[in-house]
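The values are calculated or read from the model by the stated rules, or taken from the named source; none is laboratory data. None of these values were measured; they are calculated from a predicted model. Backbone-built Cβ (ideal geometry, glycine too); neighbour counts: all protein chains shown. Protein only, heavy atoms only, side chains kept; ligands, DNA and RNA dropped before computing areas. Shrake-Rupley method; radii C 1.70, N 1.55, O 1.52, S 1.80 Å.
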Amino acid sequence: MAQPRPRETRRAAGAILTCAVLAALLRLPFARTGLSMDEGGYAHVAREWARGVPLYREAWLDRPQGLLLTYRLLLGLDPDGGAVRVGAVAAGAMITVLVGLTGWLLAGRRTGTVAAALYAVVGVAPRIEGFTLNGELLASVPAALAVTAALLWQRYRTPAWLVVAGIAAGGAVTMKPSGLDGITAALAVLAVTTGRHPRRYAILLAGAALPVGLCALHGATVGWSRYWHALVGYQVAALGGTNTGVDDRGTALLHSLHAVAPELAALGVAAAIGLWSVRRHRTTAATMAAWLAGGLVGVNLGGSYWPHYWVQLLPPLTVLAAVAVTTVRRPGVRAAAFGAVLLPQVAWLVALVPASPAQRERAVPYAEAARRDARIAAVIRAGTRPEDQIFVLVSQANIYLLADRRTDYPYLWGKPIEKIPDALPRLRTMLDGPNRPRVVVLNNAPARVDPTGQVERILAEHYRPWREIEGVPLLRAVPDNPPR
C-alpha cells in the first residue's frame, strides 16, 4: 500500500477525530436515561469494595477487577454514578478512533475513515445497549487498542508496540473474561508476519499476562477458590445445569439473534462481503477473521445471550463493513452502500427527534425501569435510615446504588441465585434471621426465585406490605424483632 502524503494523512486523521466527536455527541443524549440494571449493580459493588467490603465475598460479582476499577474511578468523579454514562461516551469515542486506525492500517485511509464513521453511528446500538457502560463495551476499548498496536508493530517493527498490544489484550480480559478478541487478532498479526518466532510471541503474551497476573494476585489475597469460582467456576458449573444443554443454548441464541437483527443484519451482511473481498490479502484476512472469531467465542461463552453480548462484535464488523463499502469503485454506489449500512441506526435516531419525552423513554430498553427504580430508591431513602439494610428480589441491583443502602446478601442478580448451590439456602437464612433487611423490594415474584415456596412463606411471616411503586411492592419488616 502506497504511503499517503502528509496532507492526506492530516485529512484522514482529522476525519477520524471528527467521527469520534460525532460518536460522543450521539451518545450524550442518553446520559439522561438513567443507569441500567448492570451499570448500577457494577457501581454498587465497586462502591462497596471502595468502602472496604471484601470483593468476591460479601461484594460478589462474576466480573474481573479491571471493570470494577474503572467503575471505582468513575464513582470517584461522581459518587452518584452520573460519570458512568460519561464513561460510556468516552469509550464510544475511543473505539471510534481505534477502529478508524485499524481500517487505515489494514486497507487505507478511506477505509479507516469509513470504519470510524460507521462505528460512531452504528455503535450507539440501542437494542444491544451500545451506549451503556457494560463489560462488552469496556472490553472493546483495550481489545481494539491491541489490534491497532499489533498492526503498528507490523508496520514499524517497534517492540514497544508489541508490548502495548499485549498489555491491552490482557486488559480486555480484565474487563470481562470473554474479552478474548484482542489477543486472537494480535496473535494472528504475529502469525502472518513472522511465522514461528518465539521471542515475539513471548513479548506479546508477557504483556497480556501483566494485567491478568495482577488481577490474579489480588484474587489470591481475597481467596483463590472464591476468586476462581466467581470468574470461571460459577460459569462452568452453570453450563452443566439442566437448562443449559445444546438445544437450550441454541434456542437462546436464536432468540437473541432475532432481537438484535434490526441493528446487526445490514452490518453483518456488509461485513461478510468485506471478509470475502479480502480473502487473498493475507494480513487483513487473518487479522479480521481472528478478531471476529475471538468476539464470537466471547459471545458464546456466557450462554445467556443477553443482547449486550453482541456489543463485542461491533468493532470488527464495522471495519469489515468499511472494507466492503470502500471496495465499491463507483462513487454513487459506494455512497448508497454506506447509507444502507447506516440506515437502521439513522432511522432509529431520526425517529427520536420529533418524539415526545415519553416516546423517547420507551425507545430505550431500560429507561422506563430506570425511572421506576429511581422512584423506588427515593422512597427507600426517605423511609429508612442510612444504616438500614435492604434487599431487592432480584436483579435490579441499581436500586442499591440509587438508594445508597447496603445488603449482607452477596448475590444481587438472578442467575447466581439460580446456579450457585448455596445461594438460595443463604437467601432463606438471611430473610428468616434476626438481622433480616428492613425493606424487601419485590420486583420478582418470590415463587420465581424459590419454587419451593419457602421464601414466600418467610416473607409472609416477617414482612408486611409498605408501599407500591408502579406495580412493584415494597415490604417492610415487622417491628417485633427489630432487624438491622
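General remarks:
- Those helices (runs of 4 or more DSSP H) of the stretch 126-243 in which 2 or more residues are buried (at least 22 other Cβ atoms within 10 Å of the Cβ) occupy 135-156, 159-175, 181-194, 198-222.
- Residue-level analysis places V45 among those that are out of contact with any helix residue (DSSP H, G or I) (no Cβ under 6 Å at 6 or more places or on another chain), open to solvent by less than 10 Å² (accessible area, probe 1.4 Å), assigned to a helix (DSSP H, G or I) and not small (G, A, S).
- Boolean, A169 is among the hydrophobic types (A, V, I, L, M, F, W, C) and closer than 15 Å to G294 by Cα: yes
- Beta carbons closer than 9 Å, at least 6 apart along the sequence or on distinct chains, never pair a first residue in the stretch 145-173 that is farther than 17 Å from T102 by Cα and of a type in the set (G, A, S) with a second that is at pLDDT below 95 and open to solvent by 60 Å² or more (accessible area, probe 1.4 Å).
- Scanning the stretch 14-28 for residues that are without any contact (Cβ under 8 Å) to a residue 24 or more places away in the chain and either open to solvent by 60 Å² or more (accessible area, probe 1.4 Å) or in contact with a Ser or Thr (Cβ under 9 Å, 6 or more places away or on another chain) (or both) turns up T18, L25.
- For first residues located in the stretch 359-377 and over 13 Å from E468 (Cα atoms) and of a type in the set (K, R), partners that are open to solvent by 20 Å² or more (accessible area, probe 1.4 Å) and part of a helix (DSSP H, G or I) and lie 6+ apart or on another chain with Cβ distances below 8 Å form the pairs R360/L352; R362/E368; R371/E361.
- Among the criteria (1) open to solvent by 40 Å² or more (accessible area, probe 1.4 Å); (2) in contact with a His (Cβ under 8 Å, 6 or more places away or on another chain), the one R282 does not fulfil is (2).
- Within this structure, L301 passes the test of being open to solvent by 10 Å² or more (accessible area, probe 1.4 Å), aliphatic (A, V, I, L, M) and more than 30 Å from T113 (Cβ to Cβ).
- Complete set of residues in the stretch 64-86 that are buried (at least 20 other Cβ atoms within 10 Å of the Cβ) and closer than 17 Å to T174 by Cβ: P64, Q65, G66, L67, L68, T70, Y71, L74
- All of A265, A271, A293 fail the test of being crowded, with 18+ Cβ neighbours inside 10 Å and at pLDDT 90 or above, apart from A271.
- Any hit, the stretch 106-115, residues being open to solvent by less than 10 Å² (accessible area, probe 1.4 Å), modelled with pLDDT of 95 or more, assigned to a helix (DSSP H, G or I) and of a type in the set (V, I, T): yes
- Those helices (runs of 4 or more DSSP H) lying entirely in the stretch 370-484 with at least 1 residues more than 29 Å from F30 (Cβ to Cβ) and not acidic (D, E): 414-419, 423-432, 446-449, 454-462
- Test result for T251, closer than 25 Å to R155 by Cβ and assigned to a helix (DSSP H, G or I): no
- Picking from residues in the stretch 276-294 that are among the aliphatic types (A, V, I, L, M) and in a helix (DSSP H, G or I), the one that is nearest to V99 (Cα to Cα) is M288.
- Filtering the stretch 331-357 to residues that are open to solvent by 50 Å² or more (accessible area, probe 1.4 Å) and either among the charged types (D, E, K, R) or free of Cβ contacts under 8 Å to residues at least 24 places away in the same chain (or both) leaves P331, G332, V333, A335, A336, A347, V350, A351, V353, P354, P357.
- Residue that is farthest from A397 (Cα to Cα) [pool: residues in the stretch 29-42 that are of a type outside the set (G, A, S) and open to solvent by less than 20 Å² (accessible area, probe 1.4 Å)]: F30
- Of all the listed residues (R63, R51), the sole one being more than 26 Å from L301 (Cβ to Cβ) and basic (K, R) is R51.
- From the list D388, D422, D432, the one residue that fits, being open to solvent by 50 Å² or more (accessible area, probe 1.4 Å) and closer than 18 Å to E58 by Cβ, is D422.
- Among the conditions (1) buried (at least 17 other Cβ atoms within 10 Å of the Cβ); (2) within 30 Å of P410 (Cα to Cα), the only one that R375 does not satisfy is (1).
- Boolean, T102 is of a type in the set (S, T, N, Q), surrounded by 23 or more Cβ atoms within 10 Å (Cβ to Cβ) and either touching a residue at least 24 places away in the same chain (Cβ under 8 Å) or not in a helix (DSSP H, G or I) (or both): yes
- Filter pass, L61 being closer than 21 Å to T407 by Cβ, modelled with pLDDT under 95 and open to solvent by less than 20 Å² (accessible area, probe 1.4 Å): yes
- Of the residues in the stretch 84-95, at least one is in contact with a Ser or Thr (Cβ under 9 Å, 6 or more places away or on another chain) and closer than 18 Å to A321 by Cβ.
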